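Take a look at the structure set out below.
The values are calculated or read from the model by the stated rules, or taken from the named source; none is laboratory data. Values in this document were obtained by computation on a predicted structure and should not be read as measured data. Here Cβ is always computed from backbone atoms with ideal geometry, including for glycine, and neighbour counts include all displayed protein chains. We work out accessible area using only protein heavy atoms, side chains counted, and drop any ligands, DNA or RNA first. Shrake-Rupley method; radii C 1.70, N 1.55, O 1.52, S 1.80 Å.
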Amino acid sequence: MSGDFTQRAPGALNDPTLRRNFRRAMDGLMTKRAAQFQDTAAWNALRARGAAVKARVVSKLPELLEQLEANCTANGITVHWAESTAEANAIVLEILQAAGAKKVIKGKSMVSEEMELNHYLGDHGIKAVESDLGEYIIQLAGEAPSHIVMPCIHKNKSEIAALFAEHIDGLGYTEDVDTLTAAARKALRNEFATADAGISGVNFAVAETGTLVLVENEGNGRLSTTLPPLHIALMGIEKLAETLEDIPPLLSLLPRSATGQAITTYVNMISSPRKPGEKDGPEQVHLVLLDSGRSRVYADEQLRDTLRCIRCGACMNHCPVYSRVGGHTYKFVYPGPIGKILTPQLEGLDCAGDQPHASTLCNACVEVCPVKIPIADLLVRLRGESVHSSDSPAVKGAGSRHNWREALVWRGWKFMYSHPLAYAAGAKVLSRLGNAIPDSAPMIREWTSVRNRPKFAGKTLHELVREEGYDHE
Amino acid sequence: MNNSATARANILARLKAAPRTAVPERPEWQPPVYDADERVNRFASVIEASHAEVYHTSADAWPALLAEVMQRHGLDSLMYAPGTVDGQQVATAWGTLEQAPALVPYDRPVEELKDTLVNGVAAGLTATRAAIAETGSLVLWPTAEEPRLMSLLPPVHVAVVRAETVVDTLAVLMASQHWAQQMPTNVVLVSGPSKTADIEQTLAYGVHGPKELIVLIVH
Ligand code: SF4
């Protein structure tokens, strides 16, 4: 019954620093988001629009991808398609090698994390430097992001101060945030100026105009996509917007849901490489479209709702499980509620099948999701799929968590609940003898090892009701 | 690229083989609307709240005001676009001042100007195509005359906003100016100086882009 998540969770739960770091960060993000959406009617209208805009994209996905490709190509952007992360890595490497690039500077991109691009490029002699401050910090620490919007949210000031003191020459230990930020600026300025290429993600690619929209606060995204002579943008095949007019409602939802900002400091819209006569901007812009399981998810009408996601992170900020175990417990690139539905679909239930079970189904994620993804319904669906075989080709590893003991218990439960005599007899036996079962009995000890054991009442409900004088319910 | 062509065919084939679902309509949504006489003030107060420094000035007076503000901030040089109306105005006006920061033109490709841009200039001046009241945003529309990096690499960005170009929302602006028919190489919305909250959610400015944003609203 175990899986990676199940094994990792206790360690995270027993790490007080990690618990504190996440609690503080999540509380702050939830408060800031709530302040943005105080007008319920406006939030409902905006969210309905955002959800419809993304649902339209999903319903017309193949045609919109073709339209995006045609318009990007007409604008001078070279479009590449990759079925797997291995193919995407090979495409990026080929572009970089053709340009003789030795060093790339990166803006934030979760798709590049899916690809493990930095590692791959490093193996081929190309240095990839992360420039988003959070990504830079975890790159120094040799870690993976623990949140899709704020990658180093698991670290506190003193941990970062120690890391900088170790890695940045002449800085020494300081917890002053302005000094730390200035040190990163200085270290990375030079990397920007000498990088042979910039790599970025994409928040929305507009099919109608062939425009890549990128949101960010630091300016590193603008720098990565403007200063080096070559820009490579990476995106999952679902990250589209149909028209330019669909961008304002999406822009109004994304930063407010993510960090509680009305808008990010920069919203970058890139439609072409440098044109003749222009004095800056990359000479070449490439767009890599990554599938990596998404088109398989698309085959299932219910599961494809997952592809509406705009990666705002609100679901994890509000998740009682994520906020206690942190992002690294999920092991895969996407943590929290979106990860719990996306990872098993992309990677298969056989390797991430415990994730849909790591939820209380409290619905907090569903209430805040700006594009109304029915996360709880999908969790339930995937839970079922993880123990039953399935007709849907969308999810690999269906039935992989099937367990005969659990199946037997459920079968017995079903029999009892559909046979009144068996139920009455069973309830009577448990009310008399149930408390005599030891805490260490098989199937009970998993529960009692961390919780008090519930006490059986001395009489069944039916008996009590009858004593009250009712003889028929 | 051959592999890419196969991948393309396979991906599209899988997507097209999947069951089709109805295309939902876009439900009604109205972006906010502000009173015409409130619009500019709202823009100014929202961008100020995002840490920008805002000055109200006039079509004739802004270059002298800028020289004064820069001196107060200890900024000794300004990168400007010699081919733009604003660039020419600042050059002419500063020529007559007794004391003004040095003017550095962005007049050749970045490859020949990189050192100056990365380390050698204190501020950069750009015009704006419009400004947005809802979110306190500047709309930059870089051109061959006024390139992209001048608002990004210098530690201070100065933007000139004409009061009459302030609009309520991005949605209104995109529609009224027909952006979909004429997207340039790059458009960028700027809503404050560069910032980060990656270290314990503590705001810090100037992590990569400008540390300060000075907005001159020309009435
Ligand atoms: S599932 Fe919804 S809330 Fe979660 S990251 Fe995606 S869009 Fe945001």
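Descriptive notes on the structure:
- Qualifying residue in segment B:180-190 (condition: farther than 23 Å from A:Ser272 by Cβ and either open to solvent by 10 Å² or more (accessible area, probe 1.4 Å) or free of Cβ contacts under 8 Å to residues at least 24 places away in the same chain (or both)): no
- Yes/no for A:Val387 being within 16 Å of the ligand (Cβ to nearest atom), over 20 Å from A:Phe37 (Cβ atoms) and open to solvent by 10 Å² or more (accessible area, probe 1.4 Å): no
- So B:Ser137, is it at the interface with chain A (Cβ under 7 Å from one of its Cβ atoms) and touching a residue at least 60 places away in the same chain (Cβ under 8 Å): yes
- Residue within segment A:280-290 that is open to solvent by less than 10 Å² (accessible area, probe 1.4 Å), modelled with pLDDT under 95, touching a helix residue (DSSP H, G or I) at 6+ places or on another chain (Cβ under 7 Å) and farther than 24 Å from A:Gly219 by Cα present: no
- Residue in segment B:1-34 that is surrounded by the fewest Cβ atoms within 10 Å (Cβ to Cβ), counting only those that are β-branched (Val, Ile, Thr) and assigned to a helix (DSSP H, G or I): B:Thr6
- Number of the exception - B:Gln30 against (1) of a type in the set (S, T, N, Q); (2) away from chain A (no Cβ under 14 Å); (3) under 30 Å from A:Leu46 (Cβ atoms): (2)
- Given (1) assigned to a strand (DSSP E or B); (2) farther than 18 Å from A:Met235 by Cβ, number of the condition A:Thr181 does not satisfy: (1)
- Wholly enclosed helices (runs of 4 or more DSSP H) of segment A:253-363 bearing at least 3 residues within 16 Å of the ligand (Cβ to nearest atom) and at negative phi: A:314-317, A:336-347
- Among the conditions (1) surrounded by fewer than 16 Cβ atoms within 10 Å (Cβ to Cβ); (2) within 7 Å of chain A (Cβ to nearest Cβ); (3) in a helix (DSSP H, G or I), the only one that B:Asp37 does not satisfy is (2).
- Top-ranked residue of segment A:59-97 - restricted to ones that are more than 8 Å from chain B (Cβ to nearest Cβ) and of a type in the set (Val, Ile, Thr), ranked as most open to solvent (accessible area, probe 1.4 Å): A:Thr73
- The lone criterion from (1) surrounded by 24 or more Cβ atoms within 10 Å (Cβ to Cβ); (2) in a helix (DSSP H, G or I); (3) not β-branched (Val, Ile, Thr) left unmet by A:Leu214 is number (2).
- Flag for B:Ala163 being open to solvent by less than 40 Å² (accessible area, probe 1.4 Å) and either facing chain A (nearest Cβ under 8 Å) or closer than 16 Å to A:Glu216 by Cα (or both): no
- Filter result for B:Met174 (open to solvent by 20 Å² or more (accessible area, probe 1.4 Å) and either at pLDDT 95 or above or at the interface with chain A (Cβ under 8 Å from one of its Cβ atoms) (or both)): no
- Selection count, segment A:390-409, where residues are surrounded by 12 or more Cβ atoms within 10 Å (Cβ to Cβ) and assigned to a helix (DSSP H, G or I): 3
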